[in-house]
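Chemist: Shown below is the structure under consideration.
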Amino acid sequence: MSKTALKKLMIQMTHDQVIDLVMSLYTARPEAKEYLEFFLQPDIDQRLERSRTLIIKEFNRRKRFPRPRVTKIRQYIRDISSLDPGPEPVVDIMAFAVETACAVGDDNWLLDVTQRNMAKLLTETLVLADRNGILDLALPRLTHAVEAMHARAHYSRAFKGLLKDALESSL
């Protein structure tokens, strides 16, 4: 069903039917419940803090080395983005994920696919920030995170190089 078809259907519904539909949606889907609760009490700082905690937890998954699931990290970013809080919080959580990857990748080996995905996320963060006129907020954070990485071990040296290339190609 398209948005247009849904809108036409809802226009034909009575006020009480629309309320029943929203209440049914609220109880049926956790995502809808979360969205409606945010709609009622838009506390983006609390949501960002929760997403930051989940991203850190994801980077702390390990066997012998960290095994973060990039799909989960992107899901946490999408969760913030889906609330439509504006570009600043979305860029903030994206930059936080890259900063966390830099900190973890500095001391630990990350899978090559994780390294490439974090470089891609860095590029996407800069593109989004530039498109919304807040590049001056994101660029220093990301540049500092990449520059703060040490190049002691071959794995951190390669990851830092990959991120520097992504940073330079995005500008």
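The values are calculated or read from the model by the stated rules, or taken from the named source; none is laboratory data. All values reported here derive from a predicted model rather than from experimental measurement. Virtual Cβ from ideal backbone geometry, glycine too; neighbours counted across all protein chains shown. In case anyone asks, the SASA skips ligands and DNA or RNA and just uses the protein heavy atoms, side chains included. Shrake-Rupley method; radii C 1.70, N 1.55, O 1.52, S 1.80 Å.
Chemist: Only residues in region 104-119 that are assigned to a helix (DSSP H, G or I) count as the first member; pair them with residues that are modelled with pLDDT under 90 and open to solvent by 50 Å² or more (accessible area, probe 1.4 Å), Cβ under 8 angstrom, at least 6 apart or cross-chain, and list the lot.
Modeler: From region 104-119, the pairs are G105/Y155; D106/H150; Q115/A158.
Chemist: Examine region 89-106 for a residue that is touching a helix residue (DSSP H, G or I) at 6+ places or on another chain (Cβ under 8 Å), under 22 Å from T53 (Cα atoms) and modelled with pLDDT under 90, and state whether such a residue exists.
Modeler: Among the residues of region 89-106, at least one is touching a helix residue (DSSP H, G or I) at 6+ places or on another chain (Cβ under 8 Å), under 22 Å from T53 (Cα atoms) and modelled with pLDDT under 90, which makes the answer yes.
Chemist: Can you name the residue in region 1-52 that is among the hydroxyl-bearing types (S, T, Y) and open to solvent by 80 Å² or more (accessible area, probe 1.4 Å) and, of all such residues, is nearest to P85 (Cα to Cα)?
Modeler: The extreme case among them is Y35.
Chemist: Report the residue count in region 97-140 for those that are within 21 Å of D79 (Cβ to Cβ) and acidic (D, E).
Modeler: 2
Chemist: Among the residues of region 55-63, is there at least one that is touching a residue at least 40 places away in the same chain (Cβ under 8 Å), buried (at least 19 other Cβ atoms within 10 Å of the Cβ) and within 24 Å of D107 (Cα to Cα)?
Modeler: yes
Chemist: If you don't mind, another one. What residue, of I80, I93, I73, is open to solvent by less than 30 Å² (accessible area, probe 1.4 Å), assigned to a helix (DSSP H, G or I) and over 24 Å from A148 (Cβ atoms)?
Modeler: Testing whether each residue is open to solvent by less than 30 Å² (accessible area, probe 1.4 Å), assigned to a helix (DSSP H, G or I) and over 24 Å from A148 (Cβ atoms) leaves just I80.
Chemist: Identify, please: which residue in region 66-92 is among the aliphatic types (A, V, I, L, M) and more than 12 Å from L142 (Cα to Cα) and is, among those, nearest to the chain's Cα centre (by Cα)?
Modeler: In this case the residue turns out to be I77.
Chemist: Can you pull out the residues in region 107-125 that are buried (at least 19 other Cβ atoms within 10 Å of the Cβ) and over 13 Å from the mean Cα position of the chain (by Cα)?
Modeler: Scanning region 107-125 gives L110, T114, Q115, A119.
Chemist: Do you know which residues across region 126-155 are over 30 Å from K63 (Cβ atoms), assigned to a helix (DSSP H, G or I) and open to solvent by less than 50 Å² (accessible area, probe 1.4 Å)?
Modeler: Matches in region 126-155: L126, L128, A129, L135, A138, L139, T143.
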